[in-house]
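Working notes for the structure below.
Bear in mind these aren't lab numbers, they're just calculated from the coordinates by the rules spelled out. Because the structure is predicted, anything quoted here is derived from the model rather than measured. Cβ sites come from the backbone with ideal geometry, for glycine too, and all protein chains shown count toward neighbours.
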Amino acid sequence: MGQIIFSLGLSSVTIPSNSNQFNQEECNFYFKSLKSASGIDCVRETFNASSGTGSYLLTINSFPILPQENNFFHHNGNPDIANFKCNVSRVDNEFAMSPYCSVDDVVNDDLPGTF
């Protein structure tokens, strides 16, 4: 089914797009490798075993003391929403609903973010 690439600044993580291959424990494990954020909680909110589709809620609770930054990417604990990227071009879409990511800033507008 493919892969999804989620990035924050200079750091990225590549995850399976099939929920059968990516449970909640694996989601938490994968996102621990994101060097530009820490304290990430992942919750698999929905899951359809027959289609492999699902939705996840990621919450970034903190950022590392020495995040992966440079003169082009830096923040003071609340990165600009434009610094979050999600690439779904590696997902083989065999379902009616196209894969997508949605990133929201709960510090500024109290809306949940999902991908």
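Here are a few things to note about the model shown:
- Spin-label model distance (nm) - VAL43 vs LEU57, 7 Å beyond Cα toward Cβ: 0.3 nm
- Between ASP105 and LEU10, the modelled labels are 2.2 nm apart [label points 7 Å from Cα along Cα→Cβ].
- Placing dummy labels 7 Å off each Cα toward the beta-carbon, the span from GLU25 to ASN83 is 3.3 nm.
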